[in-house]
Amino acid sequence: MKNRSEQLVSELGRKIVTGEIKQGEILPKVEDLGEIYNVSRTVVRECLKSLSTMGLVRSNQRAGTIVLPRSEWQWWNFEVINWVLEDEYNRDFLLHLTEVRMGLEPMAAALAAQRGTEQDLIDIKDAFTRLEQSIGDEKAWANADYDFHESILKASYNDLIINTVRTLRKALVISRKKTLKAAKNYPESPFDTPTNEVLERHRSIYDAVMARDEKLAHDKMIELILRVKRIVEKMYS
């Protein structure tokens, strides 16, 4: 159960992210916020400190507490992600996530083809085999698909890419839950589904990595994510 400070963070954070409190707006003084939300000044100060850590506000003794532009927000903070995905006017966030994936995962696939050890290739093969066996089973496919992409990611041996893509995946899980209804209303899903057609797209990545063909692994991963991007664009056009 959230304490009062955490509750106030959620309340103000949502209002900022959804635009109810505008970028560039000056928040009321600490004592005024305390009266508005019926909390102590200590609770307000703790709340503002948390919002500042998220990049949503900046406090200045002279100017007060100002709401920062979106470019300053800490987008990989999961509370921020949750609030953004709750806002019906931020449907383009899934598209933005997909575009970031396009910049990182193809490079990870190329590096896996180059740097992957024999054990890494065994792990990739095992994950792909389970992917083949999960056709028609959405739950089994989701787990196998995650493991397949994770095995390639780990074989890249680039800590920065690994950490960022893992964070992206967590954001995509949240996004998937919140956009599943919209996805089902569209004949093509932006999320990987257990069909033979999608399996073959993964097979082309698998074959390229196993053959240690860096360029082909890079290009096939781009093709996979580009398909997702196009579907998302159509869904929210």
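The values are calculated or read from the model by the stated rules, or taken from the named source; none is laboratory data. This structure is a prediction, so every number in the text was calculated from the model and none was measured. Reconstructed Cβ throughout: ideal geometry from the backbone, glycine too, with neighbour counts over all protein chains shown. The accessibility values were calculated without ligands, DNA or RNA, using every heavy atom of the protein model including side chains. Shrake-Rupley method; radii C 1.70, N 1.55, O 1.52, S 1.80 Å.
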Any trypsin sites (Lys or Arg not before Pro) in segment 100-178 that lie in a DSSP loop and have at most 11 other Cβ atoms within 10 Å would be none
Between the modelled labels at Y37 and K2 (7 Å from Cα along Cα→Cβ) the distance in nm is 0.9 nm
With every protein chain kept in place and a 1.4 Å probe, the chain has an accessible area per residue in Å² of 55 Å²
Note to self: Kirkwood Rh of segment 23-78, Cα pairs, one decimal, Å, is 11.6 Å
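Would you mind checking the pairs K49/K170; K2/K154; K29/K170; K49/K229; K154/K234; K125/K234 and listing those with alpha carbons more than 28 angstrom apart?
Values: K49/K170 25 Å; K2/K154 35 Å; K29/K170 36 Å; K49/K229 36 Å; K154/K234 32 Å; K125/K234 33 Å.
Exceeds cut-off: K2/K154; K29/K170; K49/K229; K154/K234; K125/K234.
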Among L97, L224, L33, the residue with the largest mean-square fluctuation in a Gaussian network model of the chain built from Cα contacts under 10 Å is L33
log10 I(q)/I(0) for segment 91-172, Debye formula on C-alpha points only (no solvent), q = 0.19, 0.22, 0.26 Å⁻¹, two decimals, reads -0.86, -1.05, -1.20
Full extension between K154 and S10 adds, at 0.36 nm per residue less the Cα distance, a length in nm of 48.4 nm
Dividing the mean separation of Cα pairs under 8 Å (6+ apart) by the residue count of the chain yields a relative contact order in percent of 21 percent
For the chain, longest principal axis from Cα atoms; helix 118-133 axis from its Cα atoms; angle between them, nearest 10 degrees, is 90 degrees
Per-residue ellipticity at 222 nm attributable to helices in the chain (runs of n ≥ 4 DSSP H, -39500 (n - 2.57) apiece, nearest 500 deg cm²/dmol) works out to -23000 deg cm²/dmol
For Q114 and N163, extending 7 Å from Cα along the Cα-Cβ vector and measuring point to point gives, in nm, a value of 2.1 nm
1/(1 + (r/R0)^6) with r = Cβ-Cβ of D213 and Y146, R0 = 30 Å, i.e. FRET efficiency to nearest 0.05, evaluates to 0.80
Over its alpha-carbon atoms, the chain yields an Rg and a Dmax in Å of 21.4, 66
For the pair T195 and R58, the simple spin-label estimate (label points 7 Å beyond Cα toward Cβ) gives in nm 4.8 nm
